[in-house]
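The values are calculated or read from the model by the stated rules, or taken from the named source; none is laboratory data. Quantities reported herein were computed from a predicted structural model and do not represent experimental measurements. Note: ideal-geometry Cβ built from the backbone for every residue, glycine included; neighbour counts use all protein chains shown.
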Amino acid sequence: MSIASKPVVLGYWAIRGLAQPIRMLLEYSSIPYEEKRFEQGGAPDFDKTCWTDVKDTVLGDYPFPNLPFLIDGDITVTQSNAIVRHAFPPRHDGHRSGAEGMDLRNRTVGLAYGRSGKFEDAVPAYAAALRTHLQRYSSFLGDRVWFAGGELTACDFVMYELLDQNALMVPSCLEGFPTLKAFCARFEALPAIKASKPQFTEHTDRKGG
Ligand SMILES: N[C@@H](CCC(=O)N[C@@H](CS)C(=O)NCC(=O)O)C(=O)O
């Protein structure tokens, strides 16, 4: 992360989504930031023009405009995991398990946005696939404190958010995975996370995402 004189700017929809690990990282690292939140219209159209109208200009001549984006002084970064790495460079093992998490992340997004059919109908098959992912994460975590070992890394922010969102959607999913539950409890107990999480979830949980 560069030491910019201005707060960094995090742009994203007004939901948790892909920005939540980044919000938690910025809080954890005490990096001054401001959010540019793009709020979609209501159902049934969910108008996105607040973003599409400015997509090609909001980041100047940066060639890959997307949400989330991070502006850190002269540096603009898109792609959520690239932003996470920019904010908190991970060690190699943490990098790997964070990337593995994206497979489940894509399924989770599919369920949340109805790509697998009606939510209630899609949950049983999703829960079965989720269990397989959780078994793999649990076995990868083993008896380590954090996903990369004894030291907190960027990947833990991504993994925590993934597990927490899944526990919201499939409430009993962490039963039978005591080490993953303990990991979540440990992460939530970090003072910066404990202090900031209610503020993030207050403005996002009601809207989903
Ligand atoms: N692989 C990208 C995916 C980015 C993406 O799909 N962003 C969605 C929100 S989750 C979006 O609406 N982007 C705005 C756009 O496509 O113009 C990442 O990890 O950041």
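Here are some notes:
- Yes/no for Leu104 being out of contact with any strand residue (DSSP E or B) (no Cβ under 8 Å at 6 or more places or on another chain), assigned by TED's automatic domain parsing to the domain that holds Gln165, free of Cβ contacts under 8 Å to residues at least 60 places away in the same chain and crowded, with 18+ Cβ neighbours inside 10 Å: no
- Scanning the range 43-58 for residues that are at pLDDT 95 or above, assigned to a loop (DSSP other than H, G, I, E, B) and away from the ligand (no atom under 11 Å from the Cβ) yields a total of 3.
- Matching residues, the range 144-184, being acidic (Asp, Glu), in a loop (DSSP other than H, G, I, E, B) and modelled with pLDDT under 95: Glu151
- Odd one out for Arg23, checked against (1) over 21 Å from Pro65 (Cβ atoms); (2) in contact with a Ser or Thr (Cβ under 9 Å, 6 or more places away or on another chain): (1)
- When the range 79-111 is limited to residues that are of a type in the set (A, V, I, L, M) and at pLDDT 80 or above, the one that is nearest to Tyr137 (Cα to Cα) turns out to be Leu104.
- Selection count where residues are closer than 23 Å to Ala82 by Cα and exposed (fewer than 14 other Cβ atoms within 10 Å of the Cβ), scope the range 151-180: 1
- Evaluating Val9 against the criteria (1) modelled with pLDDT of 95 or more; (2) closer than 17 Å to Leu152 by Cα leaves one unmet condition, (2).
- The range 59-75, subset assigned to a strand (DSSP E or B) and within 13 Å of the ligand (Cβ to nearest atom), residue farthest from Lys6 (Cα to Cα): Phe69
- Given (1) surrounded by 15 or more Cβ atoms within 10 Å (Cβ to Cβ); (2) away from the ligand (no atom under 15 Å from the Cβ), number of the condition Ser5 does not satisfy: (1)
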